[in-house]
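These notes are about the structure you will find just below.
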Amino acid sequence: MSRIKIYDTTLRDGEQSPGVNLNKLEKLEIAKQLERLGVDIMEAGFPASSEGDFKAVKLIADTIKDTSVTALARTTKSDIDTAWEALKGAAEPRLHLFLATSPIHMKYKLLMTPEQVVEQSVNMVKYAKQKFPQIEWSAEDATRSDWDFLAQIIEKVIDAGATVINLPDTTGYSTPAEYGRMFHFIRETVPNIDKVSLSCHCHNDLGMAVANSISAVENGVTQVEGTINGIGERAGNAALEEVAVALKIRSDFYPYETGLKLNEIKRSSDLIAKLTGMYVQANKAVIGRNAYAHESGIHQDGVLKNTETYEIITPELVGVSSNTLFLGKHSGRHAFKDKVLEFGIELTDEQIKDAFKQFKQLTDHKKEVTDDDIYTIIMEIKTEASAVSKYQLETFQVHYGSSDIPTATVSLQTPDGNTVQTARTGKGSVEALYNTISSLISEELKLLDYQINSVGGGKDALAESHVQLSVNGEIMNGRGAAQDVIEASANAYINAVNRYIIKQQSVKQKEVVK
Ligand SMILES: CC(=O)SCCNC(=O)CCNC(=O)[C@H](O)C(C)(C)COP(=O)(O)OP(=O)(O)OC[C@H]1O[C@@H](n2cnc3c(N)ncnc32)[C@H](O)[C@@H]1OP(=O)(O)O
Ligand SMILES: CC(C)C(=O)C(=O)O
Ligand SMILES: [Mg+2]
C-alpha cells in the first residue's frame, strides 16, 4: 500500500467560501480537530491577506505540533516575509507559494508574460528557501495551462528549491481522464520530477473534484488537497472525507492508504458545519444525514437481514453511531416489527398487523413518522382490551367560528352495537364535543382534568390528549392520539369511559368465576 498524504485547506480555501468568516479561536478549534483527524498537513490561512488571518495562522503554528502547518503566499517578498513571521514557530515551517500559469490568468489578471511568470516563480522560491525548509509551489489554473509550458516552469522551480509541486484544477474545469493524463505527462517529461512530491488540488465546479483527485492518485500523485465537507470557493473543493473513505472502501482495487483516523470524520464534519454555518446536505456522500438511512421496505428488509446488502460503508467507520431505518411511506412490515422490538414491547401478530395498518395510514398524512408517533400507536393497541365491547367513535363534526356558538355532532357505536348520534353546544369546541359525547353515554360523567400535547415536532406532529373523568363516581384516566387535536380529545374521553366499562366487566367475570 502506498501512503497518500492528506493536505487539508479547510482553514484557507474552505474559508474562501462566500459568507464564511472564522475568527482566530474558531480556526484554532478546527485546527485541533484536524490534528485529531490525522491530516498530514493543514493550510491555516493566508497571513498577508489580513491581520486576523496572520494572527490565526501564528496561533495555529505555535499550538499544533503533530501536524505540519502551512500557509499561502503570493510570489512577493512581502507575502513570504509575512508568512514566515506567522509560521516560524511551527514544528516544520512550510510555505505554499502560488502563481498562475494559464494564458488567461497571465495575460488578463497578472499582466505578465510567461517568461516573467517563470522568472518571478524561480526568484521567489529561491527567496523563500532561505527561510522555509519545505516549499510547495502551485501552478494556479494548471488545467487551463499549456502542458509544455508547465513542464518547463516546473523543472525550473524544482531546481530553485521547491519540494512539492501542486497542479490545481483551480476552476474545476478538468475531468478524471484529462487530469490524470496531465500528471502522467509531467512525470514523463520533467527530468527532475523525482526530487519532489506531486500534489493535486481540485475544485468541484463540474462535480468531479473527488473523481479528479482519485485519478491524480492513480497517476502518481502522493498528496491530495481538499477540505472537510468539500467547502471552498464557488462549488467548493474536493471533500477529503470522500477521498479517504473511497480509498479505504476500494482498497481491494486501489493500493493506496491515507493516515486519516476515519472515525473522527463525523466529529470534524459537524464542527466545521457548525462553525462555518455551511451545513451538509442530507444526501452528501459519506457524511450526509441520509448516508446511512434506509427508507424503502425492500432495502430495510435487506439491511435487517444483512447490512452489506445496501451499505458499502459501515456508519461506525466514519464515527456515525449507527444506521437508521427511516420509517415512512415506503417502509415495510419487517422494519416496523424491528422498531417494535427496539421499544422492548411485545405485540401479538394480530396487534402488529393492526399497528402497521395504523402506521401506514399515518404516513399518508405525515411526511416523517417519528419514534414517538409509533410508540403512541403501539401503546394505544397494547393497552386496549379489544375483546371487550365498548364505545367507539364513528364520526364527529365540530363547528367553530369567532361569531358562532361552538357545536359538535357525534356519532358513536355503543357497547351493544347500536349507533347513536346527537349534537350539543359548548363554550369552546372541546366542551361542545364532550357535552355531545357525554349525552350519548348512559354513565354519569364529570371531566376532572384535560391535557393536550403534541408528540414529536413539526406542524404535522401527532396530538396526544390525557383526560381524567369521574365515571359513576369512579376516577378513570383516558388517553387518545390522533393527527388532529379535536379527534385526540374525543379519543381520550371515550378511552376513559371504556376503561371503566372494561373494569366493570372484569369485576363481573371474577364474580362469575367465584
Ligand atoms: C486560487 C486561489 O484560491 S488564490 C487565493 C485567493 N485568496 C485570497 O484572495 C485571499 C483574500 N485576499 C485578500 O485579502 C486580498 O486579495 C489581498 C490582501 C491578498 C490582496 O489585496 P489587494 O492588494 O487589494 O489586491 P487585489 O486582491 O485587489 O488584487 C490582487 C493582486 O495580487 C496579484 N496577484 C495575484 N496572484 C498573485 C501571485 N500568485 N503572486 C503575485 N501577485 C499575485 C494580482 O495580479 C493583483 O495585483 P495588482 O494589485 O498589481 O493588480
Ligand atoms: C492557491 C491555489 C492552490 C488554489 O487554491 C487553487 O488554485 O485553487
Ligand atoms: Mg483552490
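Filtered by the rule that a residue be within 11 Å of ligand 1 (Cβ to nearest atom) and in a helix (DSSP H, G or I), the stretch 117-138 gives V117, Q120, S121, M124.
Across the stretch 1-38, the number of residues qualifying as in contact with a helix residue (DSSP H, G or I) (Cβ under 6 Å, 6 or more places away or on another chain), farther than 15 Å from A239 by Cβ, within 16 Å of ligand 3 (Cβ to nearest atom) and modelled with pLDDT of 95 or more comes to 1.
Once the stretch 31-58 is narrowed to residues that are assigned to a loop (DSSP other than H, G, I, E, B) and buried (at least 22 other Cβ atoms within 10 Å of the Cβ), the residue that is farthest from the chain's Cα centre (by Cα) is F46.
Which of the following residues is in a helix (DSSP H, G or I), charged (D, E, K, R), out of contact with any strand residue (DSSP E or B) (no Cβ under 9 Å at 6 or more places or on another chain) and closer than 25 Å to L22 by Cβ: E242, E264?
E264
Can you find a residue that is within 27 Å of R250 (Cα to Cα), surrounded by 17 or more Cβ atoms within 10 Å (Cβ to Cβ), among the small types (G, A, S) and away from ligand 3 (no atom under 12 Å from the Cβ) anywhere in the stretch 205-213?
Pass one, the stretch 205-213, residues within 27 Å of R250 (Cα to Cα): 205-213.
Filter again for surrounded by 17 or more Cβ atoms within 10 Å (Cβ to Cβ), leaving 205, 208-213.
Narrowing the set further to residues that are among the small types (G, A, S) leaves 209, 211, 213.
Checking which are away from ligand 3 (no atom under 12 Å from the Cβ) leaves us with 211, 213.
The answer is yes, given that some residue of the stretch 205-213 is within 27 Å of R250 (Cα to Cα), surrounded by 17 or more Cβ atoms within 10 Å (Cβ to Cβ), among the small types (G, A, S) and away from ligand 3 (no atom under 12 Å from the Cβ).
Checking A216, A177, A244 one by one, the residue that is away from ligand 1 (no atom under 16 Å from the Cβ), at pLDDT 95 or above and surrounded by fewer than 23 Cβ atoms within 10 Å (Cβ to Cβ) is A177 and no other. Of all residues in the stretch 141-156, which are buried (at least 21 other Cβ atoms within 10 Å of the Cβ) and within 42 Å of the chain's Cα centre (by Cα)? Across the stretch 141-156, the qualifying residues are D141, A142, T143, S145, L150, I154. Just one of the listed residues (L72, L28) is surrounded by fewer than 24 Cβ atoms within 10 Å (Cβ to Cβ) and either assigned by TED's automatic domain parsing to the domain that holds S199 or closer than 21 Å to G230 by Cβ (or both), namely L28.
Look at the stretch 326-367 and say how many of its residues are of a type in the set (V, I, T), out of contact with any Leu (no Cβ under 7 Å at 6 or more places or on another chain) and part of a helix (DSSP H, G or I). Even if it seems obvious, please write down each step before you answer.
So in the stretch 326-367, the residues of a type in the set (V, I, T) come out as 340, 345, 348, 352, 363.
Now narrow it down to the ones that are out of contact with any Leu (no Cβ under 7 Å at 6 or more places or on another chain): 345, 348, 352, 363.
So of that shortlist, the ones also part of a helix (DSSP H, G or I) come out as 352, 363.
Selection size over the stretch 326-367: 2.
Yes/no per residue for (1) without any contact (Cβ under 8 Å) to a residue 12 or more places away in the chain; (2) more than 19 Å from A463 (Cα to Cα); (3) assigned by TED's automatic domain parsing to the domain that holds D484; (4) of a type in the set (V, I, T):
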{"site": "T407", "(1), (2), (3), (4)": "no, yes, yes, yes"}
{"site": "D416", "(1), (2), (3), (4)": "no, yes, yes, no"}
{"site": "T419", "(1), (2), (3), (4)": "no, yes, yes, yes"}
{"site": "T425", "(1), (2), (3), (4)": "no, yes, yes, yes"}
{"site": "V430", "(1), (2), (3), (4)": "no, no, yes, yes"}
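The values are calculated or read from the model by the stated rules, or taken from the named source; none is laboratory data. Worth saying up front: this structure is predicted, and the values here are computed from it rather than measured. Quick reminder, even Gly has a Cβ in these numbers, built from the backbone with ideal geometry, and neighbours come from all protein chains shown.
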